[in-house]
1. Being under 15 Å from residue 634 (Cα atoms) and modelled with pLDDT of 85 or more is true for just one of 668, 659. Which residue is that?
2. When you look at residue 530, is it buried (at least 18 other Cβ atoms within 10 Å of the Cβ), closer than 18 Å to residue 512 by Cβ and out of contact with any strand residue (DSSP E or B) (no Cβ under 7 Å at 6 or more places or on another chain), yes or no?
3. Does residue 689 satisfy the criteria of being at pLDDT below 90 and crowded, with 18+ Cβ neighbours inside 10 Å?
4. Here are 489, 509: which of them is at pLDDT below 95, surrounded by 19 or more Cβ atoms within 10 Å (Cβ to Cβ) and within 19 Å of residue 460 (Cβ to Cβ)?
5. Do we have any residue at all in segment 380-398 that's farther than 29 Å from residue 294 by Cβ and buried (at least 20 other Cβ atoms within 10 Å of the Cβ)?
6. Here's a check for you: in segment 619-651, which residue that is more than 41 Å from the chain's Cα centre (by Cα) and in a loop (DSSP other than H, G, I, E, B) is farthest from residue 661 (Cα to Cα)?
7. Residue check: is residue 126 farther than 27 Å from residue 190 by Cα, at pLDDT 70 or above and within 39 Å of the chain's Cα centre (by Cα)?
8. Do any residues in segment 239-266 that are free of Cβ contacts under 8 Å to residues at least 12 places away in the same chain have Cβ atoms under 7 Å from those of residues that are assigned to a helix (DSSP H, G or I), where the two are at least six apart or on different chains, and which pairs are they?
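The values are calculated or read from the model by the stated rules, or taken from the named source; none is laboratory data. Since this is a predicted model, take the numbers as computed values, not measurements. Here the Cβ is made from the backbone with ideal geometry for all residues, glycine too, and neighbour counts use every protein chain on show.
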């Protein structure tokens, strides 16, 4: 990391300089432009226009101005010719002039294609999409190409509702999608996970014999993969009469997304055996797939292999490795990949910077984050909403909300994500008022708040027990036509439980599944909301807090009926609930039914035995845990030290102390030291307790533990002496 930091040229002062420098656009070659006229066709050579780019379109503009010299009928046809010329060139001039002339000449009545051409041209620009739809709605006779252009525009902008409304209108008029439009509609179905509608569209494709088209087949593979139905993806792939590299790559990506790495590798090798050479996108699918699934070594091996086979890794190849490392919290590996990318050499892009900054945030490495900020400024990568959003998140997580606020204020184009990052930053700092101010600013001046904006504030209210304020905000969401999702209820139930409002958490859990007429949720939920694993875990924790075993058993039955018992966090919450309700027998039964037990699950049962005055069973479980090869956490050891103290098992306590010094030396902290002091005090070994106390950098909690240990045996003089030492050390005593 030090090498990377020096390579980034770490600045000595915060990097909040103006990085807005103009960039020359990439060069482009203008093709020849054919202009129809009443006398024939003339050719404009594009090379002659490079010195004067505006001359390229002067002929069209001149013809538009000269339309008045033609007769009324001729002018109508000239409008159509001008529109055709514009369609062929791909250039968008001010269409409103031609549009106004077409309306004046009533050209839509003479040639129905004029309106369709106008709509197609309008649809090519995001700002004019509304005009495109208005023109299209007024056309007496709409064409398939006009529908296809508008549907494609809605797909590009992810306006799915408008897309399907227009598709329905198209079908109602008896115009059916052709093979060029079907992939666009399939992409929309894929984005919305519309499995049933997708299968209906698949049936249409088969009946119209469109499945012979390789682009349609590739879209179907991707569609079923996104809908989580890999068997259908494979069936489509196997049935394709013609395959290309994209077909194979789609299947590799599908298996990688599902975590089926062996199957993905098998398909990748089969592609080569069948004579298809993987292209850059194919290799990137393999590399990023390994990285996303936490197999960083295999991802790096694939990077080397692609070079051996003549395919040079590009920026997206490295981005796949970096983002995969970050997603799996391998932050050091992400930074190593970033350094290797620069040394390769490959120039990072804005996506690289947006991906690597979360690694700095995860490591809380402010200096390295600032270095990367400086790098992005020098390479003009900072004026990007994704980079700016990552910078805000990084500075906030490194405890510098002031820097985050400066980045936010200086951002030219603030999107909803950036506003949400700032709201979350203030929420995590406990500044509820400031977070709410930002939400109100979004409502008045900024982009419209989304469900994430509200969920962040809801979580803040719930965590500090502000029930009424949370429910008021929930109602406000509905008034703004923002539907609460399952995350909205999860943050409320979890927050209420953590803030001591466990009864309210359980009440909300029940109400969300069957909102009654006398409940405030009847105005918010039009239908019941199905809990997920996070909801159930929080509800079980609330049952444990309230010692409500009957309600806990009801939730147990619900999760069994709905297949949640395989979730390790749900199972651990069940063990904890039964233990807190003094039913260690049921807790043990649930524990024994868990296939892949993790540390959390073991901790839940060990703590259950300790809390139920069965410390000997807790120590026995610890031995089984080590035999199973599960690594204990600090929490495991702290629970066990309580058991040793209760049993006055000094020898076992010393063994656990030795294990901590040997195996968890990097994680050894004052919380564990406090548990050790408490255990040694209960076992009557004040020499060991004092030794632990003297070996630590003392905070107020550790002083309190040592004073409490002496108070158990009523060593009044020692307590007074310790308190005087506390004051001399400059530590402020608490209550």
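1. Numbers: 668 fails: modelled with pLDDT of 85 or more.
The conditions single out 659.
2. no
3. yes
4. Of the residues listed, the single one that is at pLDDT below 95, surrounded by 19 or more Cβ atoms within 10 Å (Cβ to Cβ) and within 19 Å of residue 460 (Cβ to Cβ) is 489.
5. Yes, segment 380-398 contains at least one residue that is farther than 29 Å from residue 294 by Cβ and buried (at least 20 other Cβ atoms within 10 Å of the Cβ).
6. Per the criteria, the residue is 648.
7. no
8. 263/255
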